Amino acid sequence: MTGVCLVCDHESPRHGCDDCRNRLITLLRELEHYTVELLPLMLQPARGQTGRMSPGYGSRSPGSDDVLSALDPRSRPGDVDEDGEAILRRPDDMASWQRSLPSSTIGIAGWIAEERGELAPKSFGGSLDYIRGHLWWCAGREDFAELYGDVAELHSQARSLSNDRPQDPLADCMDVTCDGKVFEGGYKKPARCGTCRRVYEGLDLVRLGVAEETAA
Ligand SMILES: [Zn+2]
Ligand SMILES: [Zn+2]
């Protein structure tokens with residue numbers, strides 16, 4: 001059987017090619033790094049701020065409430081739909097949607113486990129291991145691109161929360177009539193072309209990265 005990878009459109013015997021599985025492994029590793037190491041640091045009071053206020057009081061960096069809710073392992077309203085099913089995509093009518101990084105990751109692993117008829121991992125770390133361990137299986141499925149897009153979205157949310165953004169343009173705009181460059185949007189804003197303002201999210205963002213890598 002020969003076909004194309006559903007993420008990057010390159011020839012691949014499986015729905016997800018080797019390169020995209022490797023990219024996904026990198027995204028998961030960085031997601032773990034942001035969630036476990038970088039973001040918790042942002043919740044500590046800024047260094048050098050002493051005084052009468054108790055520690056952690058009023059001296060946090062802007063956006064720390066968003067960091068707090070992104071690290072919150074509990075499901076919050078908005079994470080589930082009216083039937084109690086986890087929402088895996090950003091609803092169209094919401095401009096910004098803060099997802100819980102641990103519970104969304106546990107949700108992805110839970111979905112894979114359900115499809116495989118296995119017991120779902122309960123912890124964030126266990127879920128990352130479980131997803132990594134089943135990437136080959138996932139790459140054989142027609143919804144591989146959705147899994148990829150979902151992880152990529154969590155990864156970009158984590159990255160923009162931790163302000164670890166590349167300053168250089170991400171890539172050339174994919175619009176054939178535009179010769180602009182796409183920039184990371186920054187805090188709570190999607191990546192955009194600086195010229196035509198086209199927004200890059202989800203799979204578009206993935207394809208942009210893949211196109212740039214191939215051109216380099
Ligand atoms: Zn691919
Ligand atoms: Zn453009």
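For region 1-46, the tally of residues that are over 15 Å from ASP143 (Cα atoms), of a type in the set (D, E, K, R) and surrounded by 14 or more Cβ atoms within 10 Å (Cβ to Cβ) stands at 5. Inspection of region 118-140 finds no residue satisfying the criterion of being under 26 Å from GLY3 (Cα atoms), surrounded by 13 or more Cβ atoms within 10 Å (Cβ to Cβ) and within 16 Å of ligand 2 (Cβ to nearest atom).
Checked across region 101-110, the condition of being touching an Asp or Glu at 6+ places or on another chain (Cβ under 7 Å), surrounded by 11 or more Cβ atoms within 10 Å (Cβ to Cβ) and modelled with pLDDT of 80 or more holds for at least one residue. Remark: LEU6 matches the filter, which requires a residue to be in contact with a Phe, Trp or Tyr (Cβ under 7 Å, 6 or more places away or on another chain), within 16 Å of ligand 1 (Cβ to nearest atom), part of a loop (DSSP other than H, G, I, E, B) and not assigned by TED's automatic domain parsing to the domain that holds LEU208.
Within the option set GLU201, GLU153, GLU184, being in contact with a strand residue (DSSP E or B) (Cβ under 8 Å, 6 or more places away or on another chain), surrounded by 19 or more Cβ atoms within 10 Å (Cβ to Cβ), in contact (Cβ under 8 Å) with a residue 24 or more places away in the chain and of a type in the set (D, E, K, R) holds for one residue only, GLU184.
For (1) farther than 30 Å from GLY107 by Cβ; (2) more than 16 Å from ligand 2 (Cβ to nearest atom); (3) modelled with pLDDT of 80 or more; (4) not aliphatic (A, V, I, L, M), each residue gets a yes or a no:
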{"residue": "GLN157", "(1), (2), (3), (4)": "no, yes, yes, yes"}
{"residue": "ARG165", "(1), (2), (3), (4)": "no, yes, no, yes"}
{"residue": "LEU170", "(1), (2), (3), (4)": "no, no, yes, no"}
{"residue": "CYS178", "(1), (2), (3), (4)": "yes, no, yes, yes"}
{"residue": "VAL182", "(1), (2), (3), (4)": "no, no, yes, no"}
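Checking every residue in region 17-28 against the condition of being among the acidic types (Asp, Glu) and either on the phi > 0 side of the Ramachandran plot or modelled with pLDDT of 55 or more (or both) gives at least one match.
The values are calculated or read from the model by the stated rules, or taken from the named source; none is laboratory data. Remember, it's a predicted structure, so these values are computed and weren't measured experimentally. For neighbour counting, all protein chains shown are included, and Cβ atoms are generated from backbone atoms with ideal geometry for every residue, glycine included.
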